[in-house]
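Visitor: I'd like to ask some things about the structure below.
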Amino acid sequence: MKKICFYPVLLISSLFVIDSGCSKNSNPSENKIFTTLDSTIVPITVPGGNTVAIEDPANYSKNGFGLWEYGPGLPYETRLDLMPPSYKNAAVSKSAGLIRFFTISDIHLTDKESPAQAIYFRKDRQHLGANVISLYSPLMLYTTHVLDAAVHTINGLHENNPIDFGLALGDLGNSSQKNELRWFIDILDGKKINPDSGHDDDPIKGSNNDYQDEFQATGLNRDIPWYAAIGNHDHFWIGSKTINERLKATMVGGNILQTGHIVTEADAMDKMTYSNGTMDGSTLYGTIIGEGIVAEMETFPIVPPDTARKAISKADFISELSISSSKPSGHGFIQPNSDNVFNGCYSFEPKSGLPVKVIVLDNTMDNNDVPAPDGIYGHGTLNNGRYDWLMSQLKSGQDEGKLMIIAAHVPIGVAVGTPMDWIPAAGYTSEADLIEQLQAFPNLILWVSGHRHLNTVTAFKSADASHPENGFWEVETKSLREFPQQFRTFDITRNSDNTLSIFATNVDPDIKKGSFAEISRQYAIASAQILGLLKPEPGTGPATYNAELIVPLSPEMQEIIKNYGKQ
């Protein structure tokens, strides 16, 4: 019989969980941390005809929303896209492990009580499509708890097979607020976390029994250094608009933000047509308050002000990362060699004695950029000297015989013609042009990104059949906030035929029965069911995807790399 997971329901002013044995910790090997190679989270189909509003989490379970069971694991799909047609991958053994790291992206830690949100616009699916879930879902109440569960899981994986480093690929916070970024840093540092803002709310009296209560974060294992990239949500309001003085004042004040239509009106931030709403942190389910059409509203609630909600810029983001007890200092933005740091970008070599170089790009827009016609500041770009810096980093890595990985928030070549495509800058005329230039560096093997909240793997194959090493892989990492709430691990190995394998593995956070992270999983599944997001859209790939990506090496790199790695 399959295990069906029932979730917390309100009962006599306490949280009561039916012990269905569905936590991963209840599996036979209780101390093992599982990945999606072992088992997957499978939502149970909602009974026909059942409906529930996304704003009504109290009735999710009773209507069949948010329930799940364990399904079979997903083995690696071996991908030979970059290899010549004659390559058969027969009788190839894994000679040595080179490096192991994790990526985590689009955590969107959310100050659910902030007066500067866009909750009202969740209703406008005509213009926002599936993106409405980014503006509102009750899972916003539990973002800090999910991150803590992910950190616990990473630590467990590290104990079994050491991880060399980690990459946070941007959108650490949701609304470019200082308190959201601090929650991220403090969770990885293992500090006590107060996920509340404004007044000290306590929906259920007592400690450790509601989402507003202070909790002790696990903290990332101190042997794992972690590095950060900048995302558009880390310095633009909701990742989409520049922050003007009125918005700055609203963030720390008590009046709920009023705007025009944030998608259809270019001057929306100068208008006061709609009251965007916020969540009442004194209620168990974060009741939405203060939303509507301003002209039709009779009263406007005031929320408790909080200076911790201060808006941050790119410079503030970088500065705040230096206030951390985990390593390395500055999480990449502080380097002994100043040539390795430029305008929100940096490079580092993660493992002493191994010829691997990681180039971390800030490829988000700047405040002074001219917005695209959609008015959204969520596009990719390498303006203001970043293109030249990238090319110099690639050239030096190539000349020094180092394999190279690019880590950036916005992916390349997969979202042309959408609000996530690239804006040309000095040095390249289009994404296709930039990709062609990247392929002039055969030692570039991998580009890792977030931003689209997908698990897509894309091959950029060499145009020159005689030099397959000019191709590279791009792997996107799913958002930790939305179902299936995953991060990735990467294992790069040297093969017996002088190729490399990149094993990209999805990991579900290991959650405990009755935990707030478990509630978040229910809410994430229910939100996806309500909005019809469980079936992937064309071109987006499956929700979960594990792959072994075969990488051809140039003759020069074959000679360099053949003596590296551990059996």
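The values are calculated or read from the model by the stated rules, or taken from the named source; none is laboratory data. Because the structure is predicted, anything quoted here is derived from the model rather than measured. Here the Cβ is made from the backbone with ideal geometry for all residues, glycine too, and neighbour counts use every protein chain on show. These area figures cover heavy atoms from the full protein model, side chains too; ligands, DNA and RNA do not enter into them. Shrake-Rupley method; radii C 1.70, N 1.55, O 1.52, S 1.80 Å.
Visitor: Here's a check for you: in region 525-554, which residue that is touching a Pro at 6+ places or on another chain (Cβ under 7 Å) and within 20 Å of His451 (Cβ to Cβ) is least open to solvent (accessible area, probe 1.4 Å)?
Guide: So, considering only residues that are touching a Pro at 6+ places or on another chain (Cβ under 7 Å) and within 20 Å of His451 (Cβ to Cβ), the one least open to solvent (accessible area, probe 1.4 Å) is Thr544.
Visitor: Now a separate question. Which of the residues spanning region 255-286 are within 28 Å of Ser520 (Cβ to Cβ) and small (Gly, Ala, Ser)?
Guide: Selection gives Ser275, Gly277, Gly281, Ser282, Gly286.
Visitor: For region 231-259, what are the residues that are in contact (Cβ under 8 Å) with a residue 24 or more places away in the chain, outside any loop (DSSP other than H, G, I, E, B) and out of contact with any helix residue (DSSP H, G or I) (no Cβ under 8 Å at 6 or more places or on another chain)?
Guide: Asn232, His233, Lys248, Thr250, Asn255
Visitor: For a quick check of your reading of the model, give me the residue pairs whose first member lies in region 504-530 and is touching a residue at least 12 places away in the same chain (Cβ under 8 Å) and more than 21 Å from Leu74 (Cα to Cα), whose second is among the β-branched types (Val, Ile, Thr) and not in a helix (DSSP H, G or I), with beta-carbon atoms closer than 7 Å and at least 6 apart or on different chains.
Guide: Short answer, once both residue conditions are applied: Lys513/Val17; Gly514/Val17; Ala517/Ile511; Glu518/Ile511; Ser527/Ile54; Gln529/Val46; Ile530/Val52; Ile530/Ile54.
Visitor: Hey, another quick one. When region 514-567 is examined, which residues are found to be in a helix (DSSP H, G or I), of a type outside the set (Phe, Trp, Tyr) and under 20 Å from the mean Cα position of the chain (by Cα)?
Guide: Listed by number, the residues that qualify are Ala517, Glu518, Ile519, Ser520, Arg521, Gln522, Ala524, Ile525, Ala526, Ser527, Ala528.
Visitor: Could you check Pro555 against (1) within 18 Å of Leu446 (Cβ to Cβ); (2) without any contact (Cβ under 8 Å) to a residue 40 or more places away in the chain and say which number it fails?
Guide: In the conditions (1) within 18 Å of Leu446 (Cβ to Cβ); (2) without any contact (Cβ under 8 Å) to a residue 40 or more places away in the chain, Pro555 misses (1) alone.
Visitor: Among the residues in region 337-348, are any within 30 Å of Leu128 (Cα to Cα), assigned to a loop (DSSP other than H, G, I, E, B) and at pLDDT 95 or above?
Guide: Yes, region 337-348 contains at least one residue that is within 30 Å of Leu128 (Cα to Cα), assigned to a loop (DSSP other than H, G, I, E, B) and at pLDDT 95 or above.
Visitor: Would you confirm, using the coordinates I've provided, whether Asp186 is at pLDDT 95 or above, open to solvent by 10 Å² or more (accessible area, probe 1.4 Å) and assigned to a helix (DSSP H, G or I)?
Guide: Yes.
Visitor: If I ask for residues that are buried (at least 24 other Cβ atoms within 10 Å of the Cβ), in a strand (DSSP E or B) and in contact with a Lys or Arg (Cβ under 7 Å, 6 or more places away or on another chain), which ones from region 97-116 would you list?
Guide: Phe102
Visitor: Considering each of Ala249, Ala266 in turn, give the residue that is within 30 Å of Leu361 (Cα to Cα), surrounded by fewer than 20 Cβ atoms within 10 Å (Cβ to Cβ) and not charged (D, E, K, R).
Guide: Going through Ala249, Ala266 in turn, the sole match is Ala266.
Visitor: Residue check: is Ile204 in contact with a Leu (Cβ under 8 Å, 6 or more places away or on another chain), crowded, with 24+ Cβ neighbours inside 10 Å, in contact (Cβ under 8 Å) with a residue 60 or more places away in the chain and of a type outside the set (Ser, Thr, Tyr)?
Guide: Against the criterion (in contact with a Leu (Cβ under 8 Å, 6 or more places away or on another chain), crowded, with 24+ Cβ neighbours inside 10 Å, in contact (Cβ under 8 Å) with a residue 60 or more places away in the chain and of a type outside the set (Ser, Thr, Tyr)), Ile204 does not qualify.
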